[in-house]
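The values are calculated or read from the model by the stated rules, or taken from the named source; none is laboratory data. As the structure is a prediction and not an experimental result, all values here were calculated from the model. Positions of Cβ are backbone-derived with ideal geometry, glycine not excepted, and every protein chain shown enters the neighbour counts.
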Amino acid sequence: MSSAVFPFKFLRRGFVEYLSFRTAIDEMGGGRRVVQKLHAAGELVARGTLLFPNKGGSYADFTAFWAARFGAFEAFLYRAQDRGAAQTIDGLTAAAAQTDFTATRRYVDAATLFVRKGGVLQTLTTHYTLENGSGGAYVLGISPRLVVHFLAAPGVGVDVELTYDFLYPVRFEGDDLPDDMELETGGAGPAGLVDRTLSVQVRETGPGFSYADAPDSL
């Protein structure tokens, strides 16, 4: 798993981003069938068009990003572009003497984290520190989870709220560059002029893989 974050931005036109759930069909006899979801959390799928020049970099930057993962289907991190899809709020309740509170999602953008205790905003290093679940420092893309460690226990029954943006571990769909690329200037035009468009699709590495503890059943 790479800690690299996909920096490129999809055009809004024609862009889709959704959770794909896998199902199983069980034959019950007598012509009856039962359809059941296999996973409580679906796989994120994002599909759309990249226009170059792009806010995330040039076409050369994109091909370098793709080439680094060619042949190995290496996973990387993706921040959902649909508004609200990349943010979550964990509402937790403190037990007696509890100081550690684990975020539901694994790939937390620590720069977006807000921690509230009993409704009061807390301050990093003054009230709490961030750990990886084993006492070490939290590192995006490497740590198995993000743990908020309070320097003093909040107290039994106290509400602790974690608000943050998170990322999804994804792979490119397929191992070839799309063959429907539309060339404009071939990279020879003035800076800022549309160079080309490219259709791209990415899919989460597995159902619930963005969770610290991946749910695998309903």
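Being touching a strand residue (DSSP E or B) at 6+ places or on another chain (Cβ under 6 Å), among the polar types (S, T, N, Q) and over 24 Å from PHE6 (Cα atoms) is the requirement here; does THR112 meet it?
For THR112, the condition - touching a strand residue (DSSP E or B) at 6+ places or on another chain (Cβ under 6 Å), among the polar types (S, T, N, Q) and over 24 Å from PHE6 (Cα atoms) - is not met.
Can you give me the ranges of the strands (runs of 3 or more DSSP E) entirely in region 47-157 with at least 3 residues that are loosely packed, with under 13 Cβ neighbours inside 10 Å and of a type outside the set (A, V, I, L, M, F, W, C)?
In region 47-157, there are no strands (runs of 3 or more DSSP E) which contain 3 or more residues that are loosely packed, with under 13 Cβ neighbours inside 10 Å and of a type outside the set (A, V, I, L, M, F, W, C).
Quick test for you: out of ASP165, ASP179, ASP159, pick the one residue that is under 23 Å from PHE6 (Cα atoms), at pLDDT 85 or above and of a type in the set (D, E, K, R).
Exactly one of ASP165, ASP179, ASP159 is under 23 Å from PHE6 (Cα atoms), at pLDDT 85 or above and of a type in the set (D, E, K, R), namely ASP165.
Considering only region 63-75, state which residues are out of contact with any Asp or Glu (no Cβ under 7 Å at 6 or more places or on another chain) and either within 18 Å of TYR18 (Cα to Cα) or small (Gly, Ala, Ser) (or both).
Within region 63-75, ALA64, ALA67, ALA68, ALA72, ALA75 meet the criteria.
Do you know which of the residues in region 1-30 that are of a type in the set (S, T, N, Q) and not assigned by TED's automatic domain parsing to the domain that holds VAL45 is modelled with the highest pLDDT?
Among those residues, the one meeting the criterion is SER3.
Step by step: first the residues of region 158-177, then only those that are crowded, with 20+ Cβ neighbours inside 10 Å and under 26 Å from THR99 (Cβ atoms), then the one that is nearest to the chain's Cα centre (by Cα). Which residue is that?
The residue in question is PHE166.
Would you call ALA41 part of a loop (DSSP other than H, G, I, E, B) and in contact with a Pro (Cβ under 9 Å, 6 or more places away or on another chain)?
Criteria met by ALA41.
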